[in-house]
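Structure, as structure tokens:
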Amino acid sequence: MVEDIVAGIIAIGAGIAIGSAAFATAWAQKTIGAAAVGAAAENDKMFGRGLVYMVIPETIVLFGLVIAFMLIQKM
Amino acid sequence: MFRPREMKRTVIIGSKNDLEKTIELLHSLEIVHINDYVSDDKEDEVRLGTPMTQASDISQYLLKLRSNAQLLEIDAENPLFSAKMTESQVKKDIDLKIRDIELSVLSLVETRARIEEHLKKIDDRISQLKPFAGIDIPLEKYRGYESIAVFTGYVRDLEKFESELSKITDEFDIFCSNDNEQMVALFISKIFAEKVMKLLPECGYTEVKVPEGKGLPEQSIKKLIISKQELSEKLEQTKNELLEFRKRNAEFILSSEEYLSIQVQKAEAPVRFATTDHSFVIDCWIPSHDLKRVRDVLEREIDGALYIEEFEVKHEENPPTLLENPKPVRRFEFLLDIYSTPNYRDIDPSFVLSLIFPLFFGLMIGDIGYGILLMVFGFIFMKKFKDSEGLSNIGWYIIVAGIFAFIFGLFLFGDMFGLAFQSSTAEGGHTIYSWSSLLGINIPIPSLIHKMEAFGLTQLLVISIIAGSLHLGLGLLFGIVSERKHNPKHAVAKIGLIFVLIALVLIIFVMADWTIGQWLAPLKQSVVAPLLWNYIIPSVKAGIYFGDLLIPYITIICGALGTVIILLSTGGFGLVEVLEITSHLISYTRLAAICVAKGAMAFAFNVIGIGLIVSGNIVLGIVGVILTVLMQLIVFALGSLSAGIQAIRLHYVEFFMKFYKGEGVKFTPFKYVRKYTTNE
């Protein structure tokens, strides 16, 4: 019984970890993406740079993934 | 292969009498990158060159030719011929031919425009006459009365109008259109005109003005339609003539346009040189490898009248970049250009990119079915866009990535379209479809890693970290090599980072102890076993426990050593890079994440689709087949897109940041890429 509750709380924790990380990534990418498209519209050469800046925050969600994974392992 | 071609700055000085010939020679050599001369106000003697005298004439011909090509709608992408013309063929009577073409095109286009205008006028007239066609009154009878007012137009509520009208007076004549439209012509004494005008809006009246002219409208329309037909035939004929003309002359127009463009390019070249009253100076970059050839040709052809001197590259100079790679690798240079053109001192990562990009992509997709689809799709893409350099390159990447996805699918994951060939033997309980269970035959392709199991995910994460550490290590090595000369401090800091990287990887290895133990198990019988189990593994595993976490001594030593090296070489600020490399290493877990996410999506769709197919109901079965195909296509499209973006991102962000500077100038030789003509 207690183990079930512990497992449930771990699962919720894992969910919060990846969910909030994904939200943060999306937020960061939203801002950068809008600016990058604007820059690329003015200068084609900015496309590659823009893409690079745009994908930088993606690492945040991976931190969430790793933490979630480590939590799930504890279940 | 790993460095751009070595360049030499070369200055060519000569007499203006030899200018034209020099330009001709440099253009034919196709290996000289000219530096534009920027005029300096302080030097009165040296000025910017002026275009050759023939430049403006040629430009004018070119202008005419291009406007004709536009009028004829000649499509340069889709030429109607394949044989190339020689330059002397094109040159012959070029001015006469261009004038001829101009006259013919002008007269044809003018005729076409005249006919089209005429047709438009006829259409206008017909639409004006049309409302009156149903009323048998000649047009001239609508006008010219002293005491009668005439109203023409549509009346929505005709019955009300007539009854109200009869209340005003009975001295009127009303004609209704006989073709069911509510077109009305009312002739009424001018005395009642005012009252009628008040009444009309109440009955939904829209005025239609009587067109100019005479005669019965219906007859006029008939006549107009006949002449319209005649004109349309004429128009068709003119259009055909234009098409014929285009067919006959496209070859000449395209090839002479090319010829003239080359001439203009040569004639305007002096604008890029420095000149004095009697001499010229060409400042250019030439690959060291080709320098001797250029020198020989120039000296032989101009008889030693040119002064040529070459200089070593100076530190502050930024020579253009000319990469040198075999053809399959050269296609990947495009990915570098999207990021930023490599500069002269950069290491050329195209070769690494051409190997690792498809490798990462293949690992993320890892499926025989999608691999084959990718290859087919890439092949079609390449064929379809063979004219566009960028798009055909992307087609090539898709093909190579497909090959790798196929290999990973066959040897590592053992699955096709998200379905394993053999059922999973791990504990789970519920039935999972596999190709073997569905087809009823045993397909002997094992899955070494099951994407959908927790253990599989752990294995994939460890593989990702190993791949990441090797990739980052290579990037750091490149960084050390490229910075060792002009920025030794940074090069040393990168050595420190390599130590930190080793420390990090070891912690992760110890954490994934059990997984790696499984991989090493087959080695237990081999000759390396004593070395591994007696020395390497114990030495890695020796360490201090922090709660559950084991920190190996080697990690502590490497980490401390690396940090000290970084601190000594770049100061406290360099420690940011320690954090950066940690996040970069974790960033590679996306390889596992995408792989599993895509696998899970395909798995979920398969459970839905195949469940329907094997349900036994025919209707459900058909729905299942359609659903499965659609959902597989979705997985394929989404998976390939995200795998492509993530694979390139791992290069752009994690890998390139370690050594790649970019912002180079592309080597653009003084030449023209011929499509329709040849030099001979």
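With neighbours defined as other Cβ atoms within 10 Å of a residue's Cβ, the residues B:His27, B:His278, B:His471 order from fewest to most as B:His278, B:His27, B:His471.
The Cβ shell under 12 Å around B:Asp95 holds other residues with a net charge of +1, Lys and Arg each +1, Asp and Glu each -1.
Annotation: the residues B:Lys292, A:Lys45, sorted from fewest to most other C-beta atoms within 10 Å of their own C-beta, follow the order B:Lys292, A:Lys45.
Segment B:151-194 and segment B:355-406 have Cα centres spaced 75 Å apart. Net charge in the neighbourhood of B:Arg112 (other residues with Cβ under 11 Å of its Cβ; Lys, Arg +1, Asp, Glu -1) is -2. Evaluated at q = 0.13, 0.19, 0.30 Å⁻¹, the base-10 log of the normalised Debye intensity for segment B:286-340, with identical point scatterers placed on the Cα atoms, takes the values -0.56, -0.85, -1.17. Annotation: the residues B:Cys176, B:Cys595, sorted from fewest to most other C-beta atoms within 10 Å of their own C-beta, follow the order B:Cys176, B:Cys595.
Pairs over the 19 Å Cα-Cα cut-off, from the set B:Lys485/B:Lys661; B:Lys8/B:Lys292; B:Lys167/B:Lys195; B:Lys327/B:Lys658; B:Lys121/B:Lys214: B:Lys327/B:Lys658. In straight-distance terms, cross-link reach from B:Lys524 covers every one of the lysines whose alpha-carbon lies under 24 Å from its own, apart from those fewer than eight places away in the same chain; here that gives B:Lys541.
Estimated translational diffusion coefficient (Stokes-Einstein, Kirkwood radius over Cα pairs, 10 °C, 1.306 mPa s) of segment B:532-600: 107 µm² per second.
What angle, in degrees between 0 and 90 and rounded to the nearest 10, separates the Cα long axis of helix B:553-570 from the longest principal axis of the Cα atoms of chain B? So the inclination is approximately 60 degrees. For chain B, the longest principal axis of the Cα atoms and the long axis of helix B:618-649 meet at an angle of about 70 degrees.
In segment A:2-73, inverting the average of 1/r over every pair of distinct C-alpha atoms gives 13.7 Å as the Kirkwood radius. If each Cα of segment B:203-340 is one equal point scatterer, what is log10 of I(q)/I(0) from the Debye formula at q = 0.13, 0.15, 0.21 Å⁻¹? Listed by q, the Debye log ratios stand at -0.99, -1.15, -1.34. Its residue count N fixes a reference of 2.2 N^0.38 Å for segment B:27-178, and the Cα radius of gyration divided by that reference is 2.32.
For segment B:207-282, the mean projected area of the C-alpha convex hull, equal to one quarter of the hull surface, is 13.0 nm².
Treating only the Cα positions of chain B as identical point scatterers, give the base-10 log of I(q)/I(0) from the Debye formula at each q in 0.06, 0.08, 0.09 Å⁻¹. Log10 I(q)/I(0), no solvent term: -0.69, -0.91, -0.98. Against the main long axis of the alpha-carbon atoms of chain B, helix B:158-168 sits at an angle near 40°. Looking at segment B:483-642, what % of the alpha carbon pairs are farther apart than 23 Å? The proportion of pairs with Cα distances above 23 Å equals 63 percent.
Taking N as the residue count of segment B:143-261, its C-alpha radius of gyration divided by 2.2 N^0.38 Å amounts to 1.97. I'd like to know which of B:Leu158, B:Pro488, B:Gly543 lies farthest towards the positive end of the charge dipole of the protein assembly as shown, counting +1 on Cβ of Lys and Arg and -1 on Cβ of Asp and Glu. The listed residue farthest towards the positive side: B:Gly543. Please report Rg over Rh for segment B:270-393, where both radii come from the alpha carbon positions and Rh follows the Kirkwood definition. Answer for segment B:270-393: 1.16. A convex hull fitted to the Cα coordinates of segment B:144-209 yields 85 cubic angstrom per residue.
Reducing segment B:630-665 and segment B:452-469 to their Cα centroids gives an inter-centroid distance of 19 Å.
What the Cα atoms of the protein assembly as shown give is an Rg and a Dmax of 39.5, 127 Å. Per-residue ellipticity at 222 nm, computed for the protein assembly as shown from helices alone with -39500 (n - 2.57) per DSSP H run of at least four residues, works out to -20000 deg cm²/dmol. Other residues with beta-carbon under 13 Å from the beta-carbon of B:Gly644 carry, at +1 per Lys or Arg and -1 per Asp or Glu, a net charge of +3. Of the residues A:Ala35, A:Ala21, A:Val61, the one whose Cα sits farthest towards the positive end of the charge dipole of segment A:2-73 is A:Ala35 (charges of +1 on Lys and Arg Cβ, -1 on Asp and Glu Cβ, taken about the Cα centre).
Computed from the coordinates by the stated procedures, all read-outs in this text should not be read as laboratory data. Everything numeric here is computed off the predicted structure, so don't read it as measured data. Heads up, the Cβs are rebuilt from the backbone with ideal geometry, glycines too, and the neighbour counts pull from every protein chain shown.
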